[in-house]
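What follows is one structure encoded as structure tokens, with my remarks underneath.
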Amino acid sequence: MPAHRKDLSLKWLELFQICARKGSLQDTAAETGLSISTVSHHLKSLEDHLGIALFDHSRRPMVLTPKGHVFLRNIDDALLAIRKAQAEASSGNLIEARYLRIGSIEDFDSDITPALAVHLARLMPECDFLYHTASSRDVLAKLRDRKLDMGITVSPPERLRDLEEKPLLRDPFAVVLPAKGAPSVDAIFAGTGDLPFLQFTSDLIIAQQIEAQLARLGITIPRNFACDSNQTLMAMVAAGAGWTITTPLLFARARRFQPDLVLHPFPGKSFGRRLSLVWTPDCARSVLRQIDTFLRARIEADLVSSMHAQAPWLKGQFGLID
């Protein structure tokens with residue numbers, strides 16, 4: 001290499017990778033906080049350094065050239081290894097960790113996530129934290145886009161090819177009826193009960209799991225109400241406006257309504273969902289171990305034990321996954 005030629009820059013490679021994924025200088029600039037002109041300058045410097053065109057600059061959105069595709073495949077693994085090494089080096093000593101982005105579904109936002117935030121703030125006093133609460137689909141999307149480092153989500157039916165997962169909690173589906181004046185579970189599923197079925201909106205993973213199980217069992221239930229809020233469903237059931245299918249974890253969140261609710265086993269063969277800790281491959285293992293250990297202890301103490309005491313039939317169904 002000529003002496004005057006610049007060394008290959010890690011910044012060039014990172015911006016190339018983002019731009020290849022986004023297909024837009026503007027979107028790359030927005031994600032990185034740089035100006036469009038700065039992004040463009042770095043990409044041109046990379047192309048000049050390599051002596052090849054990585055993008056077809058005549059097309060919008062931006063498209064990789066054949067050589068650009070080859071280059072991207074070769075640097076993806078290299079950048080992943082670099083980020084993993086950086087994460088391990090910066091977080092090997094937790095006290096020195098600087099930045100951590102965590103996502104979680106709302107199921108844990110009343111007790112577990114706040115306790116985790118307090119624990120990590122004490123453990124990692126120099127770290128800047130970002131906590132994001134959303135649906136499982138949103139948390140997983142942000143993990144894939146590397147906008148989060150780890151998340152607590154419902155395990156999706158599809159494989160997590162670009163992420164890593166550790167199962168955390170087994171959460172079976174159950175039937176929730178009003179405490180007073182409700183027909184039996186058998187009557188409801190036989191179609192002789194007069195309470196309407198209150199369901200989750202169909203875009204949620206939990207709704208799709210329930211729908212799939214009912215279809216497998218050949219059960220058709222008329223529906224005239226749907227919402228995306230577990231608390232709203234619990235409030236309506238407590239008021240005697242209907243019944244629903246939910247899980248012990250979600251039932252546990254609805255403490256204020258529990259005196260007016262009764263949790264029943266789902267009739268026939270049980271089925272459930274799995275909650276997992278999911279992370280990007282470059283997330284520091286020392287941080288993961290701390291979070292996994294803390295979550296398991298709090299879930300067992302705050303949720304599993306209390307729900308087993310309240311509904312003994314949940315033993316063996318609702319609990320941590322080793």
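We did not get these values from a lab; they are worked out from the coordinates using the rules stated. Keep in mind that what you see is a predicted model, and the values were worked out from it rather than measured. All Cβ positions, glycine included, derive from the backbone under ideal geometry; neighbour counts span all protein chains shown.
Residue by residue through the range 266-283, what is 3J(HN,Hα) from phi via Karplus (6.51 cos²θ - 1.76 cosθ + 1.60, θ = phi - 60°)? Round to whole Hz and write x for glycine and proline.
Per-residue couplings from phi come out as 5, x, x, 5, 6, 8, x, 10, 10, 9, 9, 8, 10, 8, 6, x, 8, 6 Hz.
Could you tell me the relative contact order of the range 202-278? Use alpha-carbon pairs under 8 Å, at least six residues apart, and round to a whole percent.
29 percent
Among the listed pairs LYS11/LYS67; LYS166/LYS315; LYS67/LYS142, which have their C-alpha atoms separated by more than 24 angstrom in this model? Write out the running numbers ahead of the final one.
On the way: LYS11/LYS67 20 Å; LYS166/LYS315 22 Å; LYS67/LYS142 29 Å.
In this structure, LYS67/LYS142 exceed 24 Å between Cα atoms.
Taking amide H positions as placed 1.01 Å from N in the peptide plane, with prolines and chain starts having none, which residues 5 or more places from VAL262, or on another chain, fall under 5 Å of its amide H?
It is LEU177, ALA179, by chain and number.
Please order VAL262, VAL287 by the number of other Cβ within 10 Å, starting at the fewest.
Ranked by crowding around the Cβ, least crowded first: VAL262, VAL287.
Which cross-chain or sequence-distant (5 or more) residues have an amide H under 5 Å from the amide H of ASP228, H modelled 1.01 Å from N in plane?
Answer set, sorted by chain and number: THR201.
Calculate one ³J(HN,Hα) per residue across the range 102-119 by plugging θ = phi - 60° into the Karplus curve 6.51 cos²θ - 1.76 cosθ + 1.60, and present them in order as whole Hz with x for glycine and proline.
10, x, 8, 6, 5, 4, 10, 6, 8, 9, 5, 4, x, 5, 5, 4, 5, 4
Angle check, please: helix 285-299 long axis (alpha carbons) against the longest principal axis of the chain (alpha carbons), in degrees 0 to 90, nearest 10.
It works out to around 10 degrees.
Using θ = phi - 60° and the Karplus curve 6.51 cos²θ - 1.76 cosθ + 1.60, what whole-Hz ³J(HN,Hα) does each residue of the range 67-75 get, with Gly and Pro shown as x?
With the stated coefficients, the range 67-75 comes to 5, x, 4, 4, 5, 4, 4, 6, 8 Hz.
For the peptides 36-44, 104-112, 157-165, what is the packing order when you average, over each peptide's residues, the other Cβ atoms within 10 Å and list the highest mean first?
Numbers: 36-44: 16.6, 104-112: 19.0, 157-165: 11.8.
Put in order of decreasing packing, that is 104-112, 36-44, 157-165.
Taking amide H atoms as placed 1.01 Å from N in the peptide plane, list the residues 5 or more away in sequence, or in a different chain, whose amide H sits under 5 Å from that of SER104.
HIS132, THR133, ALA134, ILE152
Relative contact order, percent, of the range 10-90 when contacts are C-alpha pairs under 8 Å separated by at least 6 residues?
28 percent
With percent of Cα pairs over 35 Å apart as the read-out, I listed (i) 32; (ii) 37; (iii) 21; which label goes with the value calculated from this structure?
Label (ii) holds the value from this structure.
Sort out for me the Cα centre separation of the range 1-70 from the range 194-216, rounded to whole Å.
Centre-to-centre (Cα) distance: 46 Å.
So what's the back-of-envelope 222 nm ellipticity for the chain, counting only DSSP H runs of four-plus at -39500 (n - 2.57) apiece and dividing by all residues, rounded to 500?
-13000 deg cm²/dmol
How would you rank 20-32, 123-135, 212-224, 274-286, highest first, on the average number of other Cβ atoms within 10 Å across their residues?
274-286, 20-32, 123-135, 212-224
Note down the magnitude of the dipole of the chain about its Cα centre, charges +1 on Lys and Arg C-beta and -1 on Asp and Glu C-beta and zero elsewhere, to the nearest 20 debye.
380 debye
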